[in-house]
1. Could you list, in sequence order, the residues of region 119-138 that are open to solvent by 50 Å² or more (accessible area, probe 1.4 Å) and either within 14 Å of the chain's Cα centre (by Cα) or modelled with pLDDT of 90 or more (or both)?
2. Being in contact (Cβ under 8 Å) with a residue 60 or more places away in the chain and of a type in the set (V, I, T): is that true of I62 here?
3. Could you pull out every one of the helices (runs of 4 or more DSSP H) wholly within region 125-220 that has 3 or more residues that are under 24 Å from P46 (Cα atoms)?
4. Given the conditions (1) over 18 Å from F130 (Cα atoms); (2) surrounded by 12 or more Cβ atoms within 10 Å (Cβ to Cβ), and given that I165 satisfies all but one, which numbered condition is not satisfied?
5. Being open to solvent by less than 50 Å² (accessible area, probe 1.4 Å) and not β-branched (V, I, T) is the filter here, so list the residues in region 209-222 that pass it.
6. Which members of region 51-79 meet the condition of being closer than 22 Å to A113 by Cα and among the aliphatic types (A, V, I, L, M)?
7. Checking the structure you have, find out if any residue of region 182-203 is open to solvent by 40 Å² or more (accessible area, probe 1.4 Å), of a type in the set (A, V, I, L, M) and within 19 Å of R129 (Cβ to Cβ).
8. Scan region 71-79 and tell me whether some residue there is of a type outside the set (V, I, T) and free of Cβ contacts under 8 Å to residues at least 40 places away in the same chain.
Amino acid sequence: MNEKILIVDDEKGVVDMLKSYFEMQTYQVYTAFNGTDALKQAVHNPDIVLLDINMPDMDGLIVCEKIRNYISCPILFLTARIETVDKIKGFQVGADDYIVKPFDIDELGARVAAHLRRESRKQEQNVFRFFPDMVIDYSKREVTMKNQIIPLTRKEFDIVELLSINDGQVFDRERIYEIVWGIDGDGNSDTVMEHIRKIRSKLAAVSLHSYIETVWGVGYKWNG
């Protein structure tokens with residue numbers, strides 16, 4: 001399989017140039033133009049990340065800090081900053097290298113290849129998703145909000161998993177019960193209401209964002 005590279009920069013011209021270059025080198029390229037989109041694209045488990053520092057909505061330092069615990073691949077900062085203090089900040093949040101703008105694209109390609117050759121970490125390909133102030137690690141069955149693990153029961157996590165993987169899709173109570181408890185479950189769809197109430201309570205203790213929405217007369221959907 002071709003190695004996957006995630007390119008994040010708010011300058012479209014830079015992203016387009018790098019995308020064309022790395023696709024010619026047979027990389028599988030994912031792109032993002034801001035920090036929020038970078039978090040969404042990180043779900044693809046890239047083998048290496050090129051990350052601009054200066055972005056308007058969420059700078060590269062914050063993005064790096066948010067994804068580093070879930071992605072073990074090399075992260076290379078693209079930046080015009082050259083002050084030592086900025087480099088120290090970057091390394092502290094988990095960066096592996098700095099590429100100073102303007103750069104020679106062939107040198108950048110060589111550095112990317114070198115990092116991938118040296119990459120000896122055989123990372124477990126965890127399945128996870130990033131939301132505004134939440135990370136769901138489906139492999140570990142953990143929900144983390146603001147660096148706190150939310151203590152969900154097995155069935156509570158099953159509901160979160162079902163809704164979040166199908167973000168925006170509406171499920172009625174009967175369908176949720178059928179999927180999570182199975183046809184041999186001893187309860188009924190009212191059990192779903194109680195579990196969702198408990199999930200909401202646990203999430204609300206940490207975040208004001210309403211992740212599970214009620215669609216009146218229909219059911220529930222995930223609001224990522």
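The values are calculated or read from the model by the stated rules, or taken from the named source; none is laboratory data. Only a predicted model underlies this, so the values are computations on that prediction, with no experimental measurement involved. Note that each Cβ is placed from the backbone with ideal geometry, even for glycine, and that neighbours are counted across all protein chains shown. Each accessible area value is taken on the protein alone, full model and side chains, heavy atoms only, with ligands, DNA and RNA left out. Shrake-Rupley method; radii C 1.70, N 1.55, O 1.52, S 1.80 Å.
1. Q125, V127, R129, P132
2. Numbers: in contact (Cβ under 8 Å) with a residue 60 or more places away in the chain: no; of a type in the set (V, I, T): yes.
For I62, the condition - in contact (Cβ under 8 Å) with a residue 60 or more places away in the chain and of a type in the set (V, I, T) - is not met.
3. Values: elements: 154-165, 173-181, 190-204.
The helices (runs of 4 or more DSSP H) meeting that bar are 154-165.
4. (1)
5. Just the residues of region 209-222 that are open to solvent by less than 50 Å² (accessible area, probe 1.4 Å), to begin with: 211-212, 214-215, 219-220, 222.
Across region 209-222, the qualifying residues are Y211, G219, Y220, W222.
6. L51, I53, I67, I71, I75, L76, L78
7. No, that holds for no residue.
8. Yes, region 71-79 has at least one match.
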